[in-house]
Every structure is written in C-alpha cells, then in structure tokens.
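Note sheet for the following structure.
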Amino acid sequence: MMFRTLDERNSSLLVDFILKGLPCINELRIPLFLLLTIIYTSTIVGNVLIIVVVNGTTSLHTPMYFFLANLSFLDICLSSVTLPRVLANVLSIKTISFSECVSQLYFFHFLASAECFLYTVMAYDRYTAICRPLHYSSFMSWKVSLCLAFGSWLAGSLHSITHTMLTFQLPFCHSNEIDYFFCDIFPVLTLACADTTLNKTMVLANIASISLTCFILIMISYIHIIIAIIRIKSTDGRNKAFSTCISHVTVVALFYIPCVFTYMHRDSGSSFDMAAAVFYTLITPFLNPIIYSLRNKQVKEALKKILKEKIDFLQYVASKSPASRHL
C-alpha cells in the first residue's frame, strides 16, 4: 500500500487505489475479456454510426435527431470512462492512481447526469412535437435546442463537480482497496477516515432526487403523449408516433431503473447492486444504438442509403484500379 504524508495530524493520503473489480471472474477471465471487448467495440461502432447517419442525412437535421446524436456521443464517452478500466481489471491490472480515480468519478457522474437531463429534454421534444405540433417550430427552434443540449451538459458538469469535491476532500487512511469495478462515490467513501454523513445525505438528496424528478417529468410527458397519440385518426400517423416514443421509453427504462436502484440501495453492497451498475454503465450504451436503429424507420433508411453510397463508391474505385483493367 502506498501512502503520502499529509500533515501533522497523523493522517495519510493515498497515492494509489486498488480496484477489486467484478466478483468471481478468475475462471472466466478470458471469456469475460472477449465479451467486454465485443461490447465496447460494438458500443463505439454503433454510436459512431448514429452520429454519422444524423450528420450526413439532411432529413435528420431536426432537434429530435440532434439530441439523439448528443446521446450517442455521451454513450461513447461514458463507456470509455468505465469499460477500458474494467478490461484492464479483468487482466489483473487493478491499480489506479489517486488522480485517475478522481477523474473517473468526475467524468462518470458528469456524463451519466448529462444523459439523465438529456433524456428529459428528449421527452419534452417529443411532447412538443406530438401535443403542440403548431407551436413546435417556435418551442423547439435550433437556438432553443442548442440551449437545452448545452444546459444538459452544464448541469451534469456542475452536479459532478459538487460530488467529486465533497468526496475527495476527505482523508483516506483505512485502506486503498475499492470493492467495486470503478471509482464511484459510495465505494470510495468506505475508505474515508472521517464522517461521511454529509456525503451520503448529498448523494440521496441530489443524485436520487434528480433521477427521480427527471423520470417523473418524462413519465408525465409520455402520459400526455399517449393520450394525444390515441386521438390521432390516421393509423400510419399513430404507428409512427408510437414507434418513435417506444424507442425512447425503452432506453429511459434501461437507464433510469438500474441507476435509481443503485443509488437508493447502495449501502447494502450486494452483488445485485453491482449487477445493476454494470447494466446502466456498460450494457445500456451498447443497446441504445440498436434500439434506436431497429425501432426507427428513418434511421434505418438513412443508414441503408449511406452504406449503399459507400459500397457503390468502393466498387467504382475498384473498377478504375489498374488491376481491374488487366482483368
């Protein structure tokens, strides 16, 4: 264990932490590493495709798909904050420096809370489009959309700074072993040799309340949306509205339910808590592009069009190459 003398108070500040990682993986080390590598690669590729499709398709240059591209970028970043460290941990590289732990906790809560706010913004966008269609262009102009997206990122950053400062102002002298697979608030607090009541209260009052408030706002939006959809006389219009909304509701449920459960019950320290955390930190970013691409007809058509254009271009280049002319 590595320590650095802090001051005359006879306490110490840890230089390095050790992440214990996921439990019971010794016999499944190689299969788990391969599985996580596939998940991480698929997450990056899937979300990059969403961003490329939205950016490269004029018909998708709307607030709804602008927020979707923002969500994909957040998913890429969120996965990159946690998954590489989990992969290293599976290979028995368990040490993480104090500064890396601070950075990981900050960026994890920054990105996760920004997603939380962005999901709420996306629900408001769908509510405005379906329930207030005549006012949509003014309520969701590009200026408003940019402000809402920026506000989600800013609120996420401010939220994370608060918890990061409260957590790492504490002295750590009990141990350097974090019983978790990444640096999160509750696992780090167990190492502090000071009263953590304020920290735990802030977590419950802040993280849980924000998650629950956003979730309630989303549900209220979708209650109004469902009522409005039922009133639509056109079957095609009703199906299109339902298809778009179901994708968003599915993604919201996959993110919020494990997240709220984790921070409302984290003191239990059970393996179920860790499984919930694995789900919303690793699996949800992987599933998001699949859900949106499979459930969204416009995204599927745009993706097919872009892939066809790329294939046609490659075939054209191949036909013009010297080797093809000799054949």
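Some values worked out for this structure:
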{"read-out": "Answer from K143, K94 - the residue that is out of contact with any helix residue (DSSP H, G or I) (no Cβ under 6 Å at 6 or more places or on another chain), modelled with pLDDT of 90 or more and among the basic types (K, R)", "value": "K143"}
{"read-out": "Test: K240 is open to solvent by 80 Å² or more (accessible area, probe 1.4 Å), at pLDDT 85 or above and assigned to a helix (DSSP H, G or I)", "value": "no"}
{"read-out": "Pick from region 71-97, criterion open to solvent by 40 Å² or more (accessible area, probe 1.4 Å) and assigned to a helix (DSSP H, G or I), ranking: farthest from I290 (Cα to Cα)", "value": "R85"}
{"read-out": "Scan of region 214-237 for residues that are exposed (fewer than 15 other Cβ atoms within 10 Å of the Cβ), at pLDDT below 85 and outside any loop (DSSP other than H, G, I, E, B), ordered by number", "value": "I230, T235, D236, G237"}
{"read-out": "Some residue of region 153-175 being touching a Leu at 6+ places or on another chain (Cβ under 7 Å) and among the β-branched types (V, I, T)", "value": "yes"}
{"read-out": "Region 38-64 residues that are in contact (Cβ under 8 Å) with a residue 40 or more places away in the chain, paired with ones that are part of a loop (DSSP other than H, G, I, E, B) and open to solvent by 30 Å² or more (accessible area, probe 1.4 Å) (beta carbon under 7 Å, 6 or more apart)", "value": "none"}
{"read-out": "Unique residue being open to solvent by less than 30 Å² (accessible area, probe 1.4 Å), of a type in the set (S, T, N, Q), under 19 Å from the mean Cα position of the chain (by Cα) and more than 23 Å from T95 (Cα to Cα) when the list is S145, S152", "value": "S152"}
{"read-out": "Long-range neighbours under 6 Å by Cβ, at least six apart or interchain, first residue part of a helix (DSSP H, G or I) within region 191-212, second open to solvent by 40 Å² or more (accessible area, probe 1.4 Å)", "value": "A208/M264"}
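The values are calculated or read from the model by the stated rules, or taken from the named source; none is laboratory data. Owing to the predicted nature of the structure, the values given are computational and were not obtained by experimental measurement. No Cβ is skipped: glycine too gets one built from the backbone with ideal geometry, and neighbour counts run over all protein chains shown. The accessibility values were calculated without ligands, DNA or RNA, using every heavy atom of the protein model including side chains. Shrake-Rupley method; radii C 1.70, N 1.55, O 1.52, S 1.80 Å.
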